[in-house]
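Below: one structure, written as structure tokens.
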Amino acid sequence: IKCVEITIRAGKYTFRAEADERQKLLDIAGHVDYMMHKIGDNQPKLDYRDVAVLAAMNIAEEYYQLQQDYQALIDMIDEEK
């Protein structure tokens with residue numbers, strides 16, 4: 001386990017991760033950083049917490065949509081059987 005330093009919207013965070021999980025952690029942090037910049041850069045009056053909540057909502061919406069798409073694929077596969 002090693003420490004990985006990540007920057008998300010100018011904030012620095014340290015996470016502990018196994019060597020084989022490091023890239024996944026960096027990719028996830030990169031997506032969170034992207035979403036926070038996407039929201040915060042377009043609405044500079046929002047405070048950091050509001051940007052984080054809106055980013056979390058957008059990421060949760062992406063996750064929810066992926067779950068629905070996955071279930072639709074599983075249903076199609078089951079119908080083919």
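Laboratory data are not the source of any read-out in this text; all were calculated from the coordinates shown. Because the structure is predicted, anything quoted here is derived from the model rather than measured. Positions of Cβ are backbone-derived with ideal geometry, glycine not excepted, and every protein chain shown enters the neighbour counts.
Couple of notes before you dig in:
- Selection within the stretch 7-32: residues that are touching a helix residue (DSSP H, G or I) at 6+ places or on another chain (Cβ under 9 Å) and part of a helix (DSSP H, G or I). The member of this set that is surrounded by the most Cβ atoms within 10 Å (Cβ to Cβ) is Val32.
- Hey, Ala60 in contact with a strand residue (DSSP E or B) (Cβ under 8 Å, 6 or more places away or on another chain) and aliphatic (A, V, I, L, M) or not: no
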